[in-house]
Amino acid sequence: MKKIFITGVCLLASTLGVVSLSARDGVSVLHPDDFKCYIDRFNADDDELYRQYVSNDSAWGFLKANIPFFQCPDKDVETAYYYRWWTFRKHIKQTPTGFIISEFLPDVRWAGKYNSISCPAGHHFYEGRWLKDNRFLNKYADFWFTEGEPRRYSFWAANSLLEYYKVTSDPVVLSLLDSLVDNYEKWTPLEERRGHIVGLHDDGLYSMHCTFDGMEFSVGGSGKRPTINSYMYGDAVAIAEIARLKGNQKIREKYNKKADVLKKLVETRLWDGEASFFKTRSDTNDSLVDVRELQGYTPWYVNLPSDNAGFAKAWSFLLSNDGFRAPYGMTTTEQSHPGFQLPAKKPCTWNGRVWPFSTAVTLTAMANLLNNYHQDIVSDRDYFSEFLKYSRSQKLVTEDGKVVSWIDESQNPYTGEWMTRNAIKRRAAEGKAEFNERGKHYNHSTYCDLVISGLVGIRPQIGNSVVINPLVPDNTWDWFCLDNVYYKGHVLTVVYDRYGEKYNLGKGFMVFVDRQLKSHTKKMKKVSLDL
């Protein structure tokens with residue numbers, strides 16, 4: 001098929017005409033080779049400074065064999081989707097004992113063994129769960145409880161592993177129950193980190209230093225943060241579910257109780273009713289801080305807040321220009337607060353900039369809100385709007401004026417400038433830089449999972465079923481297709497074709513399981529299927 005490049009964007013002949021093959025005949029709707037041009041372009045634009053298990057020249061073969069394929073009318077979204085799979089495989093690292101997934105491509109001094117960092121590991125499991133080959137995440141999961149340091153940073157280990165299990169049904173997750181329990185219990189002792197106490201306090205809440213929460217220089221500072229407490233709640237729920245799957249009633253009951261207690265504490269001790277927001281309780285005076293921060297949406301990432309209890313009011317600040325809404329994404333601090341700043345000299349600050357790490361958490365939380373809660377604050381159009389900002393932000397203008405796909409550490413919310421990168425480049429000009437392109441193709445967030453589980457709406461379930469609930473608003477895209485999705489030993493295909501002229505499969509919304517049509521509705525709607 002002819003490949004066309006226009007202003008750096010790969011267009012395919014199939015996007016200009018009609019895909020002739022029918023899934024009803026047992027054949028894929030999308031042709032993987034039609035999307036190779038994206039990988040060719042990323043390779044051509046890349047100076048491969050750091051090479052790991054799958055090099056650029058092997059990237060297409062690896063991705064063709066492992067990823068779901070996606071097509072939509074928005075070229076920014078389609079490009080970002082393939083770009084983020086292309087970057088993810090860069091971070092698969094082979095070690096003497098197996099595989100890990102890295103955050104940075106160059107070795108950094110604050111990492112653990114093999115350049116591992118637990119801070120984004122939960123994102124790695126959410127994203128990588130859609131790969132066909134389970135070897136990489138299986139070894140990565142084992143690594144954290146044999147050689148790694150899972151508590152060096154905040155890490156929602158059990159939660160992310162259960163989400164991985166929902167897609168793969170891989171028994172390695174069940175085999176880690178004792179390790180997950182041991183890891184959870186080891187968060188209990190209080191310890192000092194850089195002058196702040198972290199761990200489980202007498203009141204039942206966990207505190208964390210903002211740096212080891214992955215959010216340096218937060219305006220709200222260190223203390224009993226919504227992040228760590230949400231992660232611990234999510235892990236307790238996940239451990240209870242894994243114990244149920246293994247038939248261990250004692251652990252199930254124990255961790256369900258832990259989850260119930262922590263849920264009530266977060267809802268009462270971290271909720272500021274006057275500000276209508278979840279906030280940090282400072283470890284200096286045990287009072288709630290006076291600032292709303294994007295991390296206040298983390299409770300919905302693990303479905304912690306009670307439904308119909310008024311907590312959804314917090315989401316109004318995501319839609320406000322005085323709150324978190326900005327042209328290039330969500331600011332990490334509300335813009336109306338005096339502490340909101342965009343200092344250019346410090347590489348890493350969480351007092352205003354857009355960080356893809358938090359954007360991914362918040363978009364996942366918003367998808368959970370739209371799927372699992374009753375509220376009228378945000379809609380699928382709000383999700384779509386913020387998702388498109390995230391998609392369009394993943395670009396860099398090079399020194400010679402070329403626009404290339406890019407993901408890095410932090411951005412200016414008003415200009416899209418990659419601020420951490422530019423701060424490091426300024427240090428390099430002064431002879432102070434430690435790294436060459438430290439944050440290049442940074443693996444600190446999700447994107448493909450947001451397309452699959454959020455936008456297209458494949459909601460993984462425990463057991464032999466699946467729910468599909470797209471968040472693509474009506475009258476936006478006339479067509480899209482997600483094909484070759486490996487799920488519990490089956491292959492899923494989700495197609496929307498408003499006029500029936502794109503894929504020749506009929507009009508409307510269709511779901512195929514193992515290439516056989518299982519659901520066909522006129523409009524996009526929530527579909528629950530037994531496999």
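None of the figures in this text is laboratory data; all of them are computed from the coordinates on show. On a predicted model such as this, the values are computed, not experimentally measured, just so you know. Cβ coordinates were reconstructed from backbone atoms using ideal geometry, including for glycine residues, and neighbour counts include every protein chain displayed.
Principal axis extents of the Cα atoms in segment 234-354, from largest to smallest and rounded to whole angstrom, are 53, 32, 31.
Subtracting the Cα-Cα distance of residue 194 and residue 113 from 0.36 nm times their residue separation leaves 27.0 nm of extension gain. Residues 110, 406, ranked from the fewest to the most other C-beta atoms within 10 Å, line up as 110, 406. Kirkwood hydrodynamic radius of segment 245-284, from the reciprocal of the average inverse Cα-Cα distance over all distinct pairs: 12.1 Å. Sorting 201, 123 from the fewest to the most surrounding beta carbons within 10 angstrom yields 201, 123.
Estimated from the Cβ-Cβ distance and a Förster radius of 60 angstrom, the FRET efficiency linking residue 186 and residue 501 is about 0.55. Loop-resident GluC sites (Glu not before Pro) (DSSP state other than H, G, I, E or B) in segment 152-229 with no more than 16 further Cβ atoms inside 10 Å of their Cβ: 216. Taking other C-beta atoms within 10 angstrom as a stand-in for reagent exposure, 118, 336, 410 fall in the order 336, 118, 410, fewest first. R0 = 25 Å: FRET efficiency of residue 133 with residue 44, Cβ-based, nearest 0.05? Result of the calculation: an efficiency of 0.45. Dividing the alpha-carbon radius of gyration of segment 73-455 by the rule-of-thumb value 2.2 N^0.38 Å gives 0.93. The Cβ shell under 10 Å around residue 522 holds other residues with a net charge of +4, Lys and Arg each +1, Asp and Glu each -1. Loop-located chymotrypsin sites (Phe, Trp or Tyr not before Pro) in segment 471-531 (DSSP state not H, G, I, E or B) with no more than 13 neighbouring Cβ atoms inside 10 Å: 499. Extension gain, residue 257 to residue 313: 0.36 nm times the residue separation minus the Cα-Cα distance gives 17.4 nm. Taking 14 Å as the cut-off, the amide N atoms of segment 467-490 that come nearer than this to a point 7 Å along the Cα-to-beta-carbon line of residue 516 belong to 490. Using the Cβ-Cβ distance between residue 381 and residue 322 with R0 set to 22 Å, the FRET efficiency works out to roughly 0.60. Since only 529, 339, 411 are under comparison, the one whose Cα sits farthest along the positive direction of the charge dipole of the chain, derived from C-beta charges on Lys, Arg, Asp and Glu, is 529. For segment 193-264, trypsin sites (Lys or Arg not before Pro) meeting the loop criterion (DSSP other than H, G, I, E, B) and having at most 14 other Cβ atoms within 10 Å: 194.
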